[in-house]
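One structure below.
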Amino acid sequence: MFGKLKALRLSVLAAAVTAAGVVAAPPAHAANPYERGPAPTNSSIEASRGPYSVSQTSVSSLSASGFGGGTIYYPTTTGDGTFGAVAISPGFTAYESSISWLGPRLASQGFVVFTIDTITTLDQPASRGDQLLAALDHLTQRSSVRSRVDATRLGVMGHSMGGGGTLEASKDRPSLKAAIGMTPWNLTKNWSGNRVPTFIIGAESDSVAPVSSHAEPFYDSLSATYEKAYLELNNASHFAPNSSNTPIAKYSISWLKRYLDNDTRYTQFLCPGPSRSTDVEEYRSSCPM
């Protein structure tokens with residue numbers, strides 16, 4: 001009896017739909033609300049500038065709390081909603097200028113980017129980690145562009161001791177969505193407790209933070225439970241991140257897009273990742289992502 005009633009109801013519903021001239025379609029899956037910009041290509045993420053026009057604003061050391069000030073780069077458009085954001089620290093004895101090239105290059109791909117100075121150039125990795133977090137707090141709570149930032153999608157980057165600082169920041173704030181350490185230096189070698197998707201960039205000819213005692217042990221210690229990748233630049237020095245570098249930019253953009261924006265269009269560049277080449281000595285990752 002129940003089966004007959006069910007069949008009758010279905011036939012009545014079908015007749016009503018046909019009579020109205022309407023064909024019922026399954027609900028469409030919602031698009032990722034965090035996707036920004038057109039579908040990527042190798043050319044688009046290797047370019048010196050992405051699809052967004054970029055503006056910048058300075059944060060003086062006098063108005064900064066817990067870090068040394070810096071420069072915020074951001075897409076000028078207000079039509080695409082808010083953007084994920086990343087703070088970037090320089091290394092030991094270095095200034096913001098050493099990593100400033102990353103500001104407009106990343107921002108033009110659809111991020112708010114804060115390149116910072118540290119309180120002193122001699123600050124150690126743990127302090128640099130704290131300062132990266134302080135910079136993110138300033139960006140989301142007090143900066144003039146805070147309305148452009150999605151405070152739930154934040155990441156950290158850094159060079160040398162700043163790269164070691166990204167591991168410290170990730171340990172202290174597991175709600176971060178992405179971390180990138182560029183030729184990182186840190187006396188702590190075990191980061192198995194970190195839960196943030198982490199990308200480590202080493203340099204084959206690094207004599208300051210040799211990959212065998214820094215980048216590789218850092219990567220190996222990270223839990224495979226959380227996404228991770230390791231890129232070793234072929235025949236590059238410790239200071240490769242201090243000037244415009246296409247492999248660093250290309251794979252950093254892909255990592256930030258994938259984990260700040262949850263944009264799976266960029267997975268293709270990370271998994272399985274690049275083969276050995278004139279630019280790349282080695283690549284490893286926790287594929288599939």
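Quick note: the coordinates plus some simple rules give every number you see, no bench work behind them. The model shown is predicted, which means the values in this text are computed figures rather than measured ones. As a convention, Cβ positions derive from the backbone with ideal geometry for all residues, glycine included, and neighbour counts pool all protein chains shown.
Residues being touching an Asp or Glu at 6+ places or on another chain (Cβ under 9 Å) and either assigned to a helix (DSSP H, G or I) or within 12 Å of Val54 (Cα to Cα) (or both): count how many of those fall in region 113-133.
Counting residues in region 113-133 that are touching an Asp or Glu at 6+ places or on another chain (Cβ under 9 Å) and either assigned to a helix (DSSP H, G or I) or within 12 Å of Val54 (Cα to Cα) (or both) gives 9.
Taking region 31-59, which residues are over 29 Å from Asp279 (Cα atoms), in contact (Cβ under 8 Å) with a residue 12 or more places away in the chain and not in a strand (DSSP E or B)? Outline the logic, then answer.
Here is the first cut: in region 31-59, the ones over 29 Å from Asp279 (Cα atoms) are 31-34, 55-59.
Still in the running and in contact (Cβ under 8 Å) with a residue 12 or more places away in the chain: 32-34, 55-59.
Selection gives Asn32, Pro33, Tyr34.
If a residue counts only when it is closer than 13 Å to Gly163 by Cα and in contact (Cβ under 8 Å) with a residue 60 or more places away in the chain, which strands (runs of 3 or more DSSP E) contained entirely in region 176-247 have at least 2 such residues? Can you show your working first?
On the way: elements: 178-182, 198-203, 228-233.
In region 176-247, 178-182 are the strands (runs of 3 or more DSSP E) which contain 2 or more residues that are closer than 13 Å to Gly163 by Cα and in contact (Cβ under 8 Å) with a residue 60 or more places away in the chain.
Being buried (at least 21 other Cβ atoms within 10 Å of the Cβ) and without any contact (Cβ under 8 Å) to a residue 60 or more places away in the chain: is that true of Lys257 here? Steps first, answer last, please.
Values: buried (at least 21 other Cβ atoms within 10 Å of the Cβ): yes; without any contact (Cβ under 8 Å) to a residue 60 or more places away in the chain: no.
The answer is no for Lys257.
Please go through region 236-258 and give me each residue that is small (Gly, Ala, Ser) and either under 17 Å from Ala107 (Cβ atoms) or under 16 Å from the mean Cα position of the chain (by Cα) (or both), ordered by number.
Residues of region 236-258 small (Gly, Ala, Ser): 236-237, 240, 243-244, 249, 252, 254.
If the condition is that a residue be small (Gly, Ala, Ser) and either under 17 Å from Ala107 (Cβ atoms) or under 16 Å from the mean Cα position of the chain (by Cα) (or both), then Ser244, Ala249, Ser252, Ser254 are the ones that fit.
One line per residue, one yes/no per condition, for (1) crowded, with 20+ Cβ neighbours inside 10 Å; (2) not hydrophobic (A, V, I, L, M, F, W, C):
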| position | (1), (2) |
| --- | --- |
| Ser58 | no, yes |
| Ser65 | no, yes |
| Pro75 | yes, yes |
| Phe111 | yes, no |
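Test Ser65 against the stated conditions and say whether it is on the phi < 0 side of the Ramachandran plot, among the hydroxyl-bearing types (Ser, Thr, Tyr) and not in a loop (DSSP other than H, G, I, E, B). Give the derivation first.
Numbers: on the phi < 0 side of the Ramachandran plot: yes; among the hydroxyl-bearing types (Ser, Thr, Tyr): yes; not in a loop (DSSP other than H, G, I, E, B): no.
The answer is no for Ser65.
Which one is surrounded by the fewest Cβ atoms within 10 Å (Cβ to Cβ), of the residues in region 186-204 that are in contact with a strand residue (DSSP E or B) (Cβ under 9 Å, 6 or more places away or on another chain) and more than 26 Å from Asn262 (Cβ to Cβ)?
Among those that are in contact with a strand residue (DSSP E or B) (Cβ under 9 Å, 6 or more places away or on another chain) and more than 26 Å from Asn262 (Cβ to Cβ), it is Glu204.
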